[in-house]
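The structure appears below as structure tokens.
The values are calculated or read from the model by the stated rules, or taken from the named source; none is laboratory data. Small disclaimer: the values here were computed from a predicted structure and weren't measured. Positions of Cβ are backbone-derived with ideal geometry, glycine not excepted, and every protein chain shown enters the neighbour counts.
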């Protein structure tokens with residue numbers, strides 16, 4: 001099948017202008033295991049929102065992009081939804097209201113996504129120059145599901161321009177019904193371990209800084225060569241993910257050492273792991289878990305080589321199907337518990353929010369996610385320059401780091417809600433010291 005819509009543009013445009021009719025609510029979706037937490041943390045000034053972007057080689061036509069979105073979104077039923085609140089749990093129901101509508105991009109991305117705004121849609125599509133950006137609330141799915149929606153949207157957009165794009169990988173066929181596996185909560189299928197491993201409980205070093213005004217998100221991007229990063233990682237006997245984790249831990253240690261502290265604390269990174277790598281799943285919903293590589297400076301001073309070794313050994317020990325199965329089982333225990341299931345939702349919200357604020361959020365110093373090397377259909381490659389990913393606004397005053405690569409371009413995207421950019425500066429200076437050329441982009445003035 002090819003995506004070629006050039007002969008259907010006028011007809012599609014007429015259809016788009018017709019007001020949508022609200023259908024019967026005969027289908028609804030339970031929130032997956034991870035998604036039950038994200039709405040609980042919702043505040044007026046915070047939503048669990050991430051952003052994925054693709055930069056094309058030609059300027060985006062917003063009218064054509066809207067047509068592509070209207071054609072694409074019905075293929076993703078768990079993204080064409082609104083969130084609703086029941087007595088015991090929240091759930092997703094089909095949303096047939098008009099929209100979502102493409103918008104010109106804004107300076108501060110990943111702004112709070114209130115459940116009743118935007119005609120109740122939990123996604124936003126932005127355009128600017130050559131860039132198409134998708135923002136999605138995390139209760140819909142993780143970066144893998146979002147990337148499938150973004151790449152399929154891009155393929156349909158290119159098809160409307162008259163280019164032939166063959167669906168493959170992240171790009172789905174619009175004329176196929178969604179596979180039931182795309183809609184499932186894969187956590188519950190693989191929560192089969194006989195033991196529930198405990199979570200790390202010790203408080204970690206927290207980055208402190210001057211909080212930015214409401215609706216301000218500071219972005220610092222580094223654009224690098226995959227070849228250069230791979231060569232640097234190889235010098236230390238590490239993979240790219242291990243090496244960049246070590247650089248972030250090193251930057252956090254530098255930050256802590258240059259501040260006044262009565263006592264040092266461990267620095268720890270919250271790193272999502274894509275469970276699809278270890279368990280067969282086609283789900284477009286959330287299917288990730290967290291691991292926490294860390295360094296404890298109270299044990300002594302670490303060289304960078306020692307940090308890389310610690311991270312390398314941590315990854316080998318913890319990132320495997322057996323350990324991850326236990327981790328899923330620990331998370332799933334709450335959903336299996338009968339007493340928890342019958343507790344009213346407002347009590348669940350209070351308990352989860354209190355636990356996350358006082359315990360879980362203090363278990364890490366920063367967040368880092370790596371989507372790895374992206375594949376696209378061969379006939380899409382000539383039209384794409386690069387991809388970007390942003391973890392979005394941190395729950396507390398810290399920085400989040402997100403990494404993605406396409407061909408030989410690797411982008412490292414920091415997002416924070418504090419004025420100071422010390423961690424970003426230590427991070428990129430270390431890369432430069434290791435012989436990596438870095439091009440810095442930002443939505444603010446900062447010294448790196």
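A few notes on this one:
- Looking only at residues in region 361-382 that are crowded, with 16+ Cβ neighbours inside 10 Å and in a helix (DSSP H, G or I), the one that is modelled with the lowest pLDDT is 361.
- When 287, 278 are screened for being touching a helix residue (DSSP H, G or I) at 6+ places or on another chain (Cβ under 7 Å), touching a residue at least 60 places away in the same chain (Cβ under 8 Å) and surrounded by 13 or more Cβ atoms within 10 Å (Cβ to Cβ), only 287 passes.
- Residue that is modelled with pLDDT of 95 or more, assigned to a loop (DSSP other than H, G, I, E, B), out of contact with any strand residue (DSSP E or B) (no Cβ under 7 Å at 6 or more places or on another chain) and in the same structural domain as residue 32 (by TED's automatic domain parsing), where the choices are 101, 88: 101
- Identity of the residue in region 225-252, under 18 Å from residue 400 (Cβ atoms) and in contact with a strand residue (DSSP E or B) (Cβ under 7 Å, 6 or more places away or on another chain), that ends up surrounded by the fewest Cβ atoms within 10 Å (Cβ to Cβ): 241
- A single entry from 134, 224 fulfils the requirement of being modelled with pLDDT of 95 or more and within 30 Å of residue 30 (Cβ to Cβ): 134.
- Filtering region 107-119 to residues that are within 19 Å of residue 153 (Cβ to Cβ) and not in a helix (DSSP H, G or I) leaves 109, 110, 113.
- Count of residues meeting criterion [part of a helix (DSSP H, G or I) and surrounded by 15 or more Cβ atoms within 10 Å (Cβ to Cβ)] in region 306-324: 11
- Taking region 254-268 as the range and being closer than 14 Å to residue 427 by Cα and buried (at least 23 other Cβ atoms within 10 Å of the Cβ) as the test, only 255 passes.
- Any hit, region 126-135, residues being touching a residue at least 24 places away in the same chain (Cβ under 8 Å), part of a loop (DSSP other than H, G, I, E, B) and buried (at least 17 other Cβ atoms within 10 Å of the Cβ): no
- The single condition from (1) touching a helix residue (DSSP H, G or I) at 6+ places or on another chain (Cβ under 9 Å); (2) free of Cβ contacts under 8 Å to residues at least 12 places away in the same chain that residue 224 fails is (2).
- Residues in region 402-439 that are modelled with pLDDT of 95 or more and part of a strand (DSSP E or B): 402, 403, 404, 405, 406, 409, 410, 411, 412, 413, 414, 439.
- Verdict on residue 367 being in contact with a strand residue (DSSP E or B) (Cβ under 8 Å, 6 or more places away or on another chain) and touching a residue at least 12 places away in the same chain (Cβ under 8 Å): yes
- Against the conditions (1) part of a loop (DSSP other than H, G, I, E, B); (2) more than 18 Å from residue 365 (Cα to Cα), residue 223 satisfies every one except (1).
- All of (1) within 24 Å of residue 288 (Cα to Cα); (2) loosely packed, with under 14 Cβ neighbours inside 10 Å; (3) in contact with a helix residue (DSSP H, G or I) (Cβ under 6 Å, 6 or more places away or on another chain) hold for residue 162 with one exception: (1).
- Any chance residue 303 is surrounded by fewer than 13 Cβ atoms within 10 Å (Cβ to Cβ) and at pLDDT 95 or above: yes
- Condition broken by residue 247, with the remaining ones in (1) closer than 25 Å to residue 428 by Cα; (2) modelled with pLDDT under 95 satisfied: (2)
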